[in-house]
Each structure stands twice: as C-alpha cells, then as structure tokens.
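Taking it in order: structure first as structure tokens, then the write-up.
Each reported figure results from applying straightforward, stated rules to the coordinates on display, with no laboratory input. It should be emphasised that the depicted structure is a prediction, and the values quoted were computed from it without experimental measurement. FYI the Cβ positions are ideal-geometry reconstructions off the backbone, even for glycines, and counts take in every protein chain you see.
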Amino acid sequence: MMKKRNLWLTIFALSALVTLIGLGFTAYNHFVFHQPFMNRTTKGLLSAFFLSLVMVAISLSKSNNKK
C-alpha cells in the first residue's frame, strides 16, 4: 500500500510532467506557427500546476505535523 506522502509526491510529479508537456506544445506552437505564448491554454496549465503545488504542500505539511 502506498503511503500518503508518496501518493502526494506522485500526484505532484504527474502534474509537473503534464505541465511541462503542455508548455512544450505551447512553445512549439509559438515558434513554428507564430502564435502567442501566453494564451488561455498556457494560463490554465500554469494555474492548475500552482493549484496542485499548493494542495500538495498543504497536505505534506499536515502529514509532517502528525508525526
């Protein structure tokens, strides 16, 4: 069974991976098709990443206080 700490770190790693892949596609569209870099998709990716970062940080700080 996976511990809560490992679960939250896995969730953080997956959200970072999805964000980096999305930013890679956005950079490709920016340089190849000359589209703006900061569009709705980029802002959504970054806001979802920072929301998951806050969520993981809060849950890890709560799990460290219980020990």
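Quick check: residue separation of M38 and M1 times 0.36 nm, minus the Cα distance between them. What number comes out in nm?
9.3 nm
Could you size up the charge dipole of the chain around its Cα centre, putting +1 on the beta carbon of Lys and Arg and -1 on that of Asp and Glu, and report it in debye to the nearest 20?
My answer is approximately 500 debye.
Can you give the Kirkwood hydrodynamic radius of segment 4-65 from its Cα pairs, in Å with one decimal?
12.7 Å
Using Cβ contacts closer than 10 Å as the measure, can you line up L9, L51 from fewest to most?
In order of increasing Cβ crowding within 10 Å: L51, L9.
Based solely on its DSSP helices, what 222 nm [θ] is calculated for the chain when runs of n ≥ 4 H residues each add -39,500 (n - 2.57) and the sum is averaged over all residues, nearest 500 deg cm²/dmol?
-30000 deg cm²/dmol, from helical runs alone.
Going through segment 2-67, which chymotrypsin sites (Phe, Trp or Tyr not before Pro) have at most 14 other Cβ atoms within 10 Å and a DSSP loop state?
Filter output for segment 2-67: F37.
Short version: ³J(HN,Hα) in whole Hz for each residue of segment 12-29, in order, from phi by Karplus 6.51 cos²θ - 1.76 cosθ + 1.60 (θ = phi - 60°), x for Gly and Pro, what are they?
3J(HN,Hα) across segment 12-29, in whole Hz: 5, 5, 5, 5, 5, 5, 5, 5, 5, 5, x, 5, x, 5, 5, 5, 4, 4.
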